[in-house]
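Contents: one structure, followed by commentary.
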Amino acid sequence: MGDVLVIMRILPNSDEVDIDQMIKDIQNVLPSGVVLRQYKKEEFAYGLTALVIGFTMPDEEGYANLLEQRIRGVEGVGEINIERITRIL
């Protein structure tokens, strides 16, 4: 197998969430084999900021779901959207 790149958009559950702390907390819950490659902050409405994060992980069944479950447990995380999954050659 190989690796895949997963792009997620993560929205905070309020405008009072510390986005920088949320990034650190997400890094602390990553499953083994998952790497946070890069992220950017995007303002989307009324002062709210979303995170767009690129993760790499093994191309094996269940990794994306496990990652999403772990991120949902992070304080301040509201909605999670998987924007793209693509195989890395």
Any hit, segment 29-39, residues being out of contact with any Phe, Trp or Tyr (no Cβ under 6 Å at 6 or more places or on another chain) and farther than 17 Å from Leu67 by Cβ: no
Keeping to segment 36-68, report how many residues are buried (at least 16 other Cβ atoms within 10 Å of the Cβ) and among the aromatic types (Phe, Trp, Tyr). 3
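Identify, from the list Ile82, Ile71, the residue that is assigned to a strand (DSSP E or B) and either of a type in the set (Ser, Thr, Tyr) or surrounded by 12 or more Cβ atoms within 10 Å (Cβ to Cβ) (or both).
Numbers: Ile71 fails: assigned to a strand (DSSP E or B).
The unique qualifying residue is Ile82.
For residues that are in a strand (DSSP E or B), free of Cβ contacts under 8 Å to residues at least 40 places away in the same chain and polar (S, T, N, Q), scanning just segment 30-59, find the one that is nearest to Asn81 (Cα to Cα). So that I can check it myself, show each step before the final result.
Here is the first cut: in segment 30-59, the ones in a strand (DSSP E or B) are 35-45, 48-58.
With the extra rule that they be free of Cβ contacts under 8 Å to residues at least 40 places away in the same chain, the set shrinks to 35-45, 48-49.
Right, trim to polar (S, T, N, Q) and you get 38, 49.
Numbers: Gln38: 16, Thr49: 14 Å.
Step by step, filter segment 30-59, then rank; the result is Thr49.
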Can you tell me which of (1) farther than 17 Å from Gln27 by Cα; (2) touching a helix residue (DSSP H, G or I) at 6+ places or on another chain (Cβ under 6 Å); (3) not aliphatic (A, V, I, L, M) is the one Asn81 doesn't meet? (2)
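Scan segment 21-29 and give yes if some residue there is in contact with a Gly (Cβ under 6 Å, 6 or more places away or on another chain), surrounded by 11 or more Cβ atoms within 10 Å (Cβ to Cβ) and in a helix (DSSP H, G or I), otherwise no.
So the first thing to find is which residues in segment 21-29 are in contact with a Gly (Cβ under 6 Å, 6 or more places away or on another chain), and the list is 22.
Among the residues that remain, those that are also surrounded by 11 or more Cβ atoms within 10 Å (Cβ to Cβ) are: 22.
Filter once more, so that each one left must be in a helix (DSSP H, G or I): 22.
There is at least one residue in segment 21-29 that is in contact with a Gly (Cβ under 6 Å, 6 or more places away or on another chain), surrounded by 11 or more Cβ atoms within 10 Å (Cβ to Cβ) and in a helix (DSSP H, G or I).
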State all residues of segment 23-37 that are aliphatic (A, V, I, L, M) and within 10 Å of the chain's Cα centre (by Cα); if no residue qualifies, say none. Ile23, Ile26, Leu30, Leu36
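For Asn81, indicate whether it is within 14 Å of the chain's Cα centre (by Cα) and without any contact (Cβ under 8 Å) to a residue 12 or more places away in the chain.
no
May I ask you to verify whether Leu5 is assigned to a strand (DSSP E or B) and farther than 14 Å from Gly54 by Cα? Before the answer, list the steps.
Details: assigned to a strand (DSSP E or B): yes; farther than 14 Å from Gly54 by Cα: no.
When the stated conditions are applied, Leu5 does not pass them.
Throughout, read-outs are computed from the coordinates displayed, never taken from laboratory work. Here the structure is a predicted model, which means the values were calculated and not measured. Counting neighbours? That spans all protein chains shown, and the Cβs are built from the backbone with ideal geometry, glycine included.
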